[in-house]
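Single-structure report; data block below.
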Amino acid sequence: MAAGTLYLVSTPIGNLKDITFRAVEILKQSAYIVAEDTRVTGKLLNHLGITSRLISYHEHNEKSRAGEIIKLLNDGNDVSMVSDAGTPLISDPGHVVVEACIKEGIAVQSIPGPSSAVSAVIVSGFDPSRFVFYGFLEKRGKAKSAELLEIAGYSIPCVIFESPHRIIDTLAMISELLPGRHAAVVKELTKIHEKVFRGAPADVSRELNEENLKGEFIIVIGPKNDISVPVDEDAIKRELLRLIDSGMTKRDAVREAAASLNINKNEVYRVSLNI
C-alpha cells in the first residue's frame, strides 16, 4: 500500500473567508487533520462542514505524537497539518513530523494561503522586497536585548511577533537599543479591529492605550537609516510638545525630535512654527 501525503495547509489568520478553495478540498479529502488546538480548528471545520478526524499536536507532545502520525501516513492515509491560524510550522510546531516524513520518503506538500508575517510587512510601509522573519523574541532580560542588538545589524525590515502584555516594553527596548528606527505595529490582521500604527517606537507606544492593547500584534522594525515611513505632522507636534514640556527650548526640541523621529530637521522646524 502506498503511503499517504502530508499536507501543510494554511488557514485564515482572522477572517474565515480567506481560506482557499484548494485548502477546503484538501481538508475534506484528508482522513485526519493534525491541529495545534483542536478547539480552534474545530470551529473552522464546523464552519466549512468538514468532518475529518482531528488529532491534537502541539509543542508539548510533538515528539511523542510524531510516530503516530507517520504510522497513519504509512498506512495510506492522507493527513493535513494546520496551525491555529496562518501557515503551519512558522513559529508553530510541525517540523519534527516534516523531518520524519522526509526520512521515510513520505510526500509532503504545501497548500499555501494566509501568512501573518507577509501580511504585516506589506502593510508596514517599508520596502518588502527583502525582509527578515524573527518570530517571537526571548521574553526578558539579556537574551532579549541580545536579539534586538542582532536585529540592529539588519539593513532590511525585520518582523517579530509579540504579545499584548509585552509590546509596550518591547517598543521601549527597540527605542533604546535601535535609536532612530521606525516601526509599524500591526494589530488584529484581517479582523474587524485591524489597525496599523506607524512611526518612531516611542510615538507608537503612546498610541497603544488600554483599549488598543487588546488582540494580536506584529511589530515590523524598519531597516537601518530608514526614512520610508512618513511621520505625520500630529506625531511631530506631539513629540515637540513633550520635549518642550520637559524643559527644552524650542530650538533644542526641534533637534531632539528630528533625531528621535529620524526625519529631516527642516520638516520638524516647519511644524514648530505652528506651536
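Each reported figure results from applying straightforward, stated rules to the coordinates on display, with no laboratory input. Remember, predicted model here, so these are calculated numbers, not experimental data. Every residue, glycine among them, receives a Cβ derived from its backbone with ideal geometry; neighbour counts consider all protein chains shown.
What to note about this one:
- Per-residue packing, averaged as other Cβ atoms within 10 Å, sorts the ranges 177-190, 141-154 into the order 177-190, 141-154, beginning with the highest.
- Long-range tail of P(r) for the chain (Cα pairs > 22 Å, %): 63 percent
- Taken about its Cα centre, the range 6-111 carries a charge dipole of roughly 260 debye when the Cβ of each Lys and Arg holds +1 and the Cβ of each Asp and Glu holds -1.
- Using the alpha-carbon positions of the range 60-183, Rg (one decimal) and Dmax (whole number) come out as 18.2, 57 Å.
- For the chain, the residue among Ala120, Ser30, Val108 whose Cα projects farthest onto the positive side of the dipole built from Cβ charges is Ala120.
- Built amide H within the under 5 Å cut-off of Ile111, gap 5+: Leu8, Val9, Ser10
- Coil-residue GluC sites (Glu not before Pro) of the range 48-111, DSSP, other Cβ within 10 Å capped at 12: Glu59
- Every Cα-Cα pair of the range 1-91 was included, and the share exceeding 16 Å stands at 49 percent.
- Ratio of Rg to Rh over the range 116-221 (Cα coordinates, Kirkwood Rh, two decimals): 0.92
- The range 1-65 and the range 153-192 have Cα centres lying 30 Å from one another.
- Dipole moment magnitude, nearest 20 debye, the chain about Cα centre, only Lys, Arg, Asp, Glu C-beta charged: 260 debye
- Nearby lysines by direct alpha-carbon distance to Lys265 (threshold 29 angstrom, same-chain neighbours under 8 apart not counted): Lys195, Lys224, Lys237, Lys250
- Taking all pairs of distinct alpha-carbon atoms in the range 233-272, Kirkwood radius in angstrom: 9.4 Å
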